[in-house]
Each structure stands twice: as structure tokens, then as C-alpha cells.
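Chemist: Shown below is the structure under consideration.
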Amino acid sequence: MDGLKPRIADAMHRQSQPTVTVLSTLLAVQDELGFIPKQGIEEVAAFTSSTINEVWAVASFYPNFRFEPPCLHQVEVCWGASCHLVGAMPLIEAALQASGLETEGDTSDGRLTLRYNTCLGACSQAPVMAIDHHLIGRATPESAKARIAELLAEQNG
Ligand code: FES
């Protein structure tokens with residue numbers, strides 16, 4: 001996984017907030033790669049002058065971190081406060097129904113990872129979802145179902 005090294009380094013160095021922590025660095029790596037590879041744990045430890053055990057303790061504490069690559073397509077539905085007020089739950093129900101999942105996770109064919117997000121950063125366009133990191137504002141259950149059905153029906157290659 002040598003190709004990951006520069007992407008991990010970039011993500012770690014790109015953090016612009018004043019306080020860089022193990023958690024913020026793990027988040028930066030996951031935002032970049034969609035998961036935390038074993039190498040990522042080691043790099044975060046070196047970057048934050050922590051031990052691998054310390055980094056692993058933080059990474060394993062938060063259920064939002066994943067340690068395997070995500071599926072081909074990533075669908076995120078925001079269930080933060082702003083989105084919740086204007087229809088996040090119907091959107092989540094539609095996404096679950098269309099993907100055949102019972103909760104967030106991966107479809108068994110490896111085509112789609114569904115995740116809930118606490119804020120996709122576009123609250124003024126709530127309710128918001130993202131498909132492969134492309135934000136969709138004022139999403140509707142119907143549009144969510146249609147987009148997910150398209151992704152699942154896509155031909156390989
Ligand atoms: S709360 Fe949904 S985008 Fe911010």
C-alpha cells in the first residue's frame with residue numbers, strides 16, 4: 001500500500017485547525033482515504049508523537065472509523081440537527097430501503113457503503129446527502145432511492 005503514504009502525509013499536514021490531535025489526524029486520514037489502513041495508524045502515531053497503542057485506542061473507540069476500504073460507492077446521509085429538523089429520517093429510511101441494508105454499512109456485493117454523518121457542512125441546504133463526496137442539498141427520499149438504485153444497477157467497469 002505504498003501509494004497511500006503520500007496521501008496519508010498530505011492529509012495529516014493539511015489540517016488547518018490550531019490544535020492537531022490524534023483524533024483530528026485520524027479523521028483527516030479517513031476523510032482522505034475513506035478508511036484507516038494499518039499503515040495509517042503507524043503514520044498517525046509518528047506524526048502526533050504518540051504510540052501505536054495510543055492511536056489504536058482512539059481509533060477503536062469511535063465507531064465511525066473503519067479499517068477496511070469502503071465499497072465502490074459511498075453514500076452518506078446527514079442526520080445532524082439541521083437536517084434532522086427537515087427530514088433526515090425519511091431520507092435515511094429511503095437510503096436503507098433502496099440499498100437493502102438494515103443500518104449503515106456495506107452491501108454484500110461490495111458496491112455501496114452507507115454511512116450516517118453528523119454534519120456534511122451544508123446545513124443551509126438541509127436535508128443533505130453525499131454520493132461519492134458530491135453533496136446533494138434538499139435531497140428527497142425519492143431522489144435518494146433513485147440515485148442509490150442507479151449505483152447498484154451500474155455495470156462493472
Ligand atoms: S446538519 Fe446536515 S449538513 Fe449540517
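Chemist: Could you tell me which residue of the stretch 131-142 is modelled with the lowest pLDDT, considering only residues that are in a loop (DSSP other than H, G, I, E, B) and closer than 24 Å to residue 33 by Cα?
Modeler: Looking at the filtered set, the residue picked out is 133.
Chemist: Somewhere in the stretch 53-70, is a residue over 29 Å from residue 125 (Cα atoms) and among the β-branched types (Val, Ile, Thr)?
Modeler: Within the stretch 53-70, one or more residues are over 29 Å from residue 125 (Cα atoms) and among the β-branched types (Val, Ile, Thr).
Chemist: Another question, then. Only residues that are farther than 13 Å from residue 82 by Cβ and assigned to a strand (DSSP E or B): list them for the stretch 106-117, please.
Modeler: Matches in the stretch 106-117: 106, 112, 113, 114, 115, 116.
Okay, residues lined up against (1) modelled with pLDDT of 95 or more; (2) buried (at least 17 other Cβ atoms within 10 Å of the Cβ); (3) in the same structural domain as residue 123 (by TED's automatic domain parsing); (4) more than 18 Å from residue 116 (Cβ to Cβ):
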residue: 9; (1), (2), (3), (4): yes, no, no, yes
residue: 17; (1), (2), (3), (4): no, no, no, yes
residue: 21; (1), (2), (3), (4): yes, no, no, yes
residue: 25; (1), (2), (3), (4): yes, yes, no, yes
residue: 41; (1), (2), (3), (4): yes, yes, no, yes
residue: 50; (1), (2), (3), (4): yes, yes, no, yes
residue: 81; (1), (2), (3), (4): yes, no, yes, no
residue: 84; (1), (2), (3), (4): yes, no, yes, no
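Chemist: Something else about it: Which residue is farthest from the ligand (Cβ to nearest atom), if the candidates are limited to the stretch 118-143 and must be under 15 Å from residue 85 (Cα atoms) and among the hydroxyl-bearing types (Ser, Thr, Tyr)?
Modeler: Out of the qualifying residues, it is 140.
Chemist: Return the pairs, sorted by first residue and then second, in which the second residue is among the aromatic types (Phe, Trp, Tyr) and part of a helix (DSSP H, G or I), the first residue lies in the stretch 4-19 and is under 11 Å from residue 40 (Cα atoms), the beta carbons are less than 7 Å apart, and the residues are 6+ apart or on different chains.
Modeler: 12/47
Chemist: Hey, another quick one. Looking for something closer than 30 Å to residue 8 by Cβ, surrounded by fewer than 14 Cβ atoms within 10 Å (Cβ to Cβ) and either of a type in the set (Gly, Ala, Ser) or more than 15 Å from the chain's Cα centre (by Cα) (or both) - is there at least one such residue anywhere in the stretch 96-108?
Modeler: Yes, some residue in the stretch 96-108 is closer than 30 Å to residue 8 by Cβ, surrounded by fewer than 14 Cβ atoms within 10 Å (Cβ to Cβ) and either of a type in the set (Gly, Ala, Ser) or more than 15 Å from the chain's Cα centre (by Cα) (or both).
Chemist: Now for a different question. If residue 103 satisfies every condition in (1) without any contact (Cβ under 8 Å) to a residue 12 or more places away in the chain; (2) among the β-branched types (Val, Ile, Thr); (3) in a helix (DSSP H, G or I) but one, which is the exception?
Modeler: (3)
Chemist: Still on this model: What residue, among those in the stretch 38-97 that are assigned to a helix (DSSP H, G or I) and among the aromatic types (Phe, Trp, Tyr), is nearest to the ligand (Cβ to nearest atom)?
Modeler: Among residues in the stretch 38-97 that are assigned to a helix (DSSP H, G or I) and among the aromatic types (Phe, Trp, Tyr), the one nearest to the ligand (Cβ to nearest atom) is 61.
Chemist: Now a separate question. So in the stretch 114-130, with the set limited to residues that are polar (S, T, N, Q) and at pLDDT below 95, which one is surrounded by the most Cβ atoms within 10 Å (Cβ to Cβ)?
Modeler: Per the criteria, the residue is 117.
The values are calculated or read from the model by the stated rules, or taken from the named source; none is laboratory data. The structure presented is a predicted model; accordingly, all values stated were derived computationally and were not measured. When we count neighbours, we look across all protein chains shown, and the Cβ atoms used for this are built from the backbone with ideal geometry, even at glycine.
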